[in-house]
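Below is one structure, written out as structure tokens, with a few remarks after it.
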Amino acid sequence: MQESRTCIARAAGALCAVAVAALSAALAHLAIDIAGDYLLPHDAYDDVAHDARTVVAAAAAAFLLAGAARSLYTSVRAMLGRRGAVAAIRIGSPIVFVGAVIGMSVPLLLAMETIDALAARRDVDDLGDLFGGSIALGLGTTLAVAALVAVTAYAVLRFFLRTRAAVARAIGGLFQTRERASQHPFTGLARQGRLVVARPAPTRHAAKRGPP
């Protein structure tokens, strides 16, 4: 059981790194597109639409938000005793996480531009076209953006994992308070198997009958 939880935790951390790398690649693609308009005589990114960038960024952001919501939901259920212990997400050391994000961002950026070029039926002359027209500008921008996004994402994930238990306790406390407030006065007796019978109270007449 412990080994399976460890595997799940590591797999979740790896998926988080992939999602962050996809998001950083999309942001780097946007940064190259903007920088190329001012620094290059011909920006190769201006020749095609960038639907892949939009789809990848939206999918990565949705995955991270859904993962955070799911993790918080399972933590609340575990705190309420409705499910077993939740395996914590393991995102590894900062160096490994940042290195993995940077390493995956470059091929993801190239893949996005390749998909855009194929969709536009435009030929790719060399590797420079996939980097926006300049390998130096494209690669340097990608590495810089990926490093910034990776460091920020790692800090956010660590903060979320440290505060998740406290947030789950706060949310679970609200549910428990509502459950206690909604309990009927006879609920405790009914759970103990006691029969609760409502007896009518005897009525008393204010006027008394006199002697005959």
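The values are calculated or read from the model by the stated rules, or taken from the named source; none is laboratory data. None of the values given here were measured: they were computed from a predicted structure. Cβ coordinates were reconstructed from backbone atoms using ideal geometry, including for glycine residues, and neighbour counts include every protein chain displayed.
Just a few scattered comments:
- Residue 200 being within 24 Å of residue 23 (Cα to Cα) and either surrounded by fewer than 17 Cβ atoms within 10 Å (Cβ to Cβ) or modelled with pLDDT under 75 (or both): no
- Residue within the stretch 49-58 that is surrounded by fewer than 16 Cβ atoms within 10 Å (Cβ to Cβ) and not in a helix (DSSP H, G or I) present: yes
- Boolean, residue 121 is among the basic types (Lys, Arg), free of Cβ contacts under 8 Å to residues at least 12 places away in the same chain and assigned to a loop (DSSP other than H, G, I, E, B): yes
- From the list 100, 153, 146, 165, the lone residue that is under 30 Å from residue 71 (Cα atoms), touching a Cys at 6+ places or on another chain (Cβ under 9 Å) and touching a residue at least 60 places away in the same chain (Cβ under 8 Å) is 153.
- Selection count where residues are more than 22 Å from residue 61 (Cα to Cα) and buried (at least 19 other Cβ atoms within 10 Å of the Cβ), scope the stretch 140-160: 0
- Among the residues of the stretch 17-48, just one is outside any helix (DSSP H, G or I) and in contact with a Leu (Cβ under 8 Å, 6 or more places away or on another chain), namely 40.
- For the residues 128, 132, the requirement of being surrounded by 14 or more Cβ atoms within 10 Å (Cβ to Cβ) and outside any helix (DSSP H, G or I) singles out 132.
- The set of residues in the stretch 14-30 being over 21 Å from residue 118 (Cα atoms) and surrounded by fewer than 19 Cβ atoms within 10 Å (Cβ to Cβ) consists of 14, 15, 18.
Residues are listed down the side, and each one gets a yes or a no for (1) more than 28 Å from residue 46 (Cβ to Cβ); (2) β-branched (Val, Ile, Thr):
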site: 132; (1), (2): no, no
site: 141; (1), (2): no, yes
site: 144; (1), (2): no, no
site: 151; (1), (2): yes, yes
site: 156; (1), (2): yes, yes
site: 169; (1), (2): yes, no
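- Set side by side, the residues 152, 74 differ, and just one is in a helix (DSSP H, G or I), out of contact with any strand residue (DSSP E or B) (no Cβ under 8 Å at 6 or more places or on another chain) and either within 14 Å of residue 20 (Cβ to Cβ) or of a type in the set (D, E, K, R) (or both), which is 152.
- Filter pass, residue 92 being under 14 Å from the mean Cα position of the chain (by Cα) and closer than 21 Å to residue 163 by Cα: no
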